[in-house]
Amino acid sequence: MTTLLAKNATVLVTMDDERRELRDAGLFARDGIIVAVGPADTLPETADEVIDLSGQIVLPGLVNCHHHLDQVLTRNLPAAQDTNLFPWLKAHYRIWASRTPEASRTATIVGAAELALSGCTTLFDHAYVFQNGCRVDDQIAAAREIGIRFVVSRGSMSLGESRGGLPPDSCVEDEDAILADCERVVARYHETGPGAMTQIVLAPCSPFSVTPELMRESAGMARRLGVRLHTHLCETIDEERFTLERFGMRPVDYLETLDWAGGDVWYAHAIHVNDDEIRRFAHRGTGVCHCPSSNMRLASGIAPVRQYLDAGVKVGLGVDGSASNDANHMLNEARMAMLLARLRLGLPPPAGPDNPLPTSHPDRAHEWMKAREILEVATRGGAAVLGRDDIGALQPGKCADFFTLDLNAVTFAGGLSDPVAATLFCMPGNARHTFVGGRAIVRDGRVVTVDLPAVVAEHNRHAARMAASGG
């Protein structure tokens, strides 16, 4: 057995059931599982590894609930810089289909490294373009190299342009082959129980890229195999128009006819929903993943996160693909989520004869998105969306997944009257340390599990080849 003692943190944010924030505190872990959390004088004095966190704040590892790691190969593509979702996808499909297993490896490591540097310890990736021998196996092997906790989809696209879908026919797969590979990947890689490092999700891509039959078959298989379900939904008005014209239903209604509702399902984006659909999500336990930067980048809209939380919907946070965000900074994504929710709220109208409430009336105070609420979405919320009860908080029995920030950094100067809120109100920097299962992935601001400069150099060669080919 190996032990870890992290001690003397200025503040430790537990996100436990009492939401305790402890001063001059730390944690003790054995074999990657937390045994004790508390003030320094309540913890063991020795361990196999001891780290001094003086001057630092400790938070639970952030949980990224929606990503496309292969898109790290196509960041900042000129043809897709100034478009919304459908033309953006058309500019990328064939280029993504040109990636190789070697490119998939570097994309996974680069994306996971950026996320770990921003405090992320659990990553869900939605992979759905498989050409040139690329398989989910490539990403799983790469995630194991860097050491991040990895949930990955055997995603799919089967509805090509010739049948009324959005992707080119050359980018879709045969549905029997998709289902067979889904079963193979789950049998080979899916782990259950506390501390699972690799889990598989079934994730047909979207209503406009797969058939109703594949959606229904995937739902049945997922429940037979005991894995979760994920897809994009209600991301744009174009998508809503597609399902109305093709199926005569709004996107949520359409998916519910295919058995896509319940506690084992979560949707990416979920922007364009009505009050009844929000209530149905809450009643049936369906989760959502908010992707604020991508939604702004593609002008998709602002998800009703405040309404979701008030209704009791499970909400997680995602950076989304690196070609619709161009970054993999999970803590900054949390900051964007807080600010965007405030923008959606807007300011109350000024006081007057028709509006007796002053702008600072306390009755509106609950509508403001607070820093601690979004930190909870990014930790406990993400864990709930992924169906995990072993991550998302720092307390005995949970995984030793955490990160630290240096409170002496220039970005926090003058903001330490509330260090917890400062993590979002002040411009987020990189983590000082990031641990996954008690193992250091980032130490003193550097990724220590892989030779990152060498991977980045190789990755840039793959990206240049793909861009030059144009797909």
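Below are the figures for this structure:
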{"read-out": "Those helices (runs of 4 or more DSSP H) lying entirely in the stretch 369-471 with at least 3 residues outside the structural domain of Arg284 (by TED's automatic domain parsing) and at positive phi", "value": "none"}
{"read-out": "Residue within the stretch 458-467 that is surrounded by 13 or more Cβ atoms within 10 Å (Cβ to Cβ) and within 21 Å of the chain's Cα centre (by Cα) present", "value": "no"}
{"read-out": "Residue check for Gly193: modelled with pLDDT under 95, over 17 Å from His126 (Cβ atoms) and in the same structural domain as Val136 (by TED's automatic domain parsing)", "value": "yes"}
{"read-out": "Tabulated pairs, the stretch 294-313, first within 11 Å of Ala337 (Cα to Cα) and assigned by TED's automatic domain parsing to the domain that holds Asn325, second of a type in the set (A, V, I, L, M) and part of a helix (DSSP H, G or I), C-beta under 6 angstrom, 6+ apart or interchain", "value": "Ile302/Leu340; Val305/Ala341; Arg306/Ala341"}
{"read-out": "Sole residue being modelled with pLDDT of 95 or more, closer than 26 Å to Arg297 by Cβ and of a type outside the set (Asp, Glu), chosen from Trp260, Trp266", "value": "Trp266"}
{"read-out": "Hits in the stretch 92-108 - residues which are closer than 13 Å to Val136 by Cα, among the hydrophobic types (A, V, I, L, M, F, W, C) and either surrounded by fewer than 23 Cβ atoms within 10 Å (Cβ to Cβ) or more than 21 Å from the chain's Cα centre (by Cα) (or both)", "value": "Ala103"}
{"read-out": "Filter result for Gly55 (at pLDDT 95 or above, under 30 Å from Ala383 (Cβ atoms) and surrounded by fewer than 21 Cβ atoms within 10 Å (Cβ to Cβ))", "value": "yes"}
{"read-out": "Residue in the stretch 245-266 that is β-branched (Val, Ile, Thr), touching an Asp or Glu at 6+ places or on another chain (Cβ under 8 Å) and crowded, with 20+ Cβ neighbours inside 10 Å present", "value": "yes"}
{"read-out": "Residue in the stretch 61-84 that is in contact (Cβ under 8 Å) with a residue 60 or more places away in the chain, touching a Ser or Thr at 6+ places or on another chain (Cβ under 6 Å), surrounded by 24 or more Cβ atoms within 10 Å (Cβ to Cβ) and small (Gly, Ala, Ser) present", "value": "yes"}
{"read-out": "Residue list for the stretch 416-439, filter: surrounded by 13 or more Cβ atoms within 10 Å (Cβ to Cβ) and either among the hydroxyl-bearing types (Ser, Thr, Tyr) or closer than 14 Å to Ala112 by Cα (or both)", "value": "Thr423, Asn430, Ala431, Thr434, Phe435, Val436"}
{"read-out": "Test: residue in the stretch 138-155 that is assigned to a loop (DSSP other than H, G, I, E, B), out of contact with any helix residue (DSSP H, G or I) (no Cβ under 6 Å at 6 or more places or on another chain) and within 19 Å of Gln71 (Cβ to Cβ)", "value": "no"}
{"read-out": "Meets criteria (within 20 Å of Leu386 (Cβ to Cβ) and under 12 Å from the mean Cα position of the chain (by Cα)) for Gly316", "value": "yes"}
{"read-out": "Test: residue in the stretch 132-154 that is farther than 30 Å from His433 by Cβ and exposed (fewer than 14 other Cβ atoms within 10 Å of the Cβ)", "value": "yes"}
{"read-out": "The stretch 12-38, residues that are within 21 Å of Pro194 (Cβ to Cβ) and touching a helix residue (DSSP H, G or I) at 6+ places or on another chain (Cβ under 6 Å)", "value": "Met15"}
{"read-out": "Meets criteria (assigned to a helix (DSSP H, G or I), crowded, with 22+ Cβ neighbours inside 10 Å and polar (S, T, N, Q)) for Ser170", "value": "no"}
{"read-out": "Near pairs, Cβ below 6 angstrom, 6+ apart or cross-chain, from the stretch 255-284 (touching a residue at least 12 places away in the same chain (Cβ under 8 Å)) to any residue that is among the β-branched types (Val, Ile, Thr)", "value": "Ala261/Thr286; Val265/Thr286; Trp266/Val385; Tyr267/Val288; Ala270/Val288; Glu277/Val252; Phe281/Val313; Ala282/Val313"}
{"read-out": "Near pairs, Cβ below 6 angstrom, 6+ apart or cross-chain, from the stretch 8-22 (among the acidic types (Asp, Glu)) to any residue that is in a loop (DSSP other than H, G, I, E, B) and surrounded by fewer than 22 Cβ atoms within 10 Å (Cβ to Cβ)", "value": "Asp16/Gln395"}
{"read-out": "Tabulated pairs, the stretch 142-162, first without any contact (Cβ under 8 Å) to a residue 40 or more places away in the chain, second hydroxyl-bearing (Ser, Thr, Tyr) and assigned to a helix (DSSP H, G or I), C-beta under 9 angstrom, 6+ apart or interchain", "value": "Ala142/Ser104; Ala142/Thr106; Ala142/Thr108; Gly160/Ser170"}
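Yes or no, residue by residue, for (1) out of contact with any His (no Cβ under 9 Å at 6 or more places or on another chain); (2) over 26 Å from Gln199 (Cα atoms):
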site: Thr46; (1), (2): yes, yes
site: Val50; (1), (2): yes, yes
site: Ser54; (1), (2): yes, yes
site: Leu59; (1), (2): yes, no
site: Cys65; (1), (2): no, no
site: Gln71; (1), (2): no, no
site: Ala79; (1), (2): no, yes
site: Thr83; (1), (2): yes, yes
site: His92; (1), (2): yes, yes
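This table checks each residue for (1) hydroxyl-bearing (Ser, Thr, Tyr); (2) under 30 Å from Ile34 (Cα atoms).
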position	(1), (2)
Ser162	yes, no
Asp169	no, no
Ile178	no, no
Ala187	no, yes
Gly193	no, yes
Ala196	no, yes
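The values are calculated or read from the model by the stated rules, or taken from the named source; none is laboratory data. Source: prediction; values computed, not measured. Methodologically, a virtual Cβ is constructed for each residue, glycine included, from the backbone with ideal geometry; neighbour enumeration extends over all protein chains shown.
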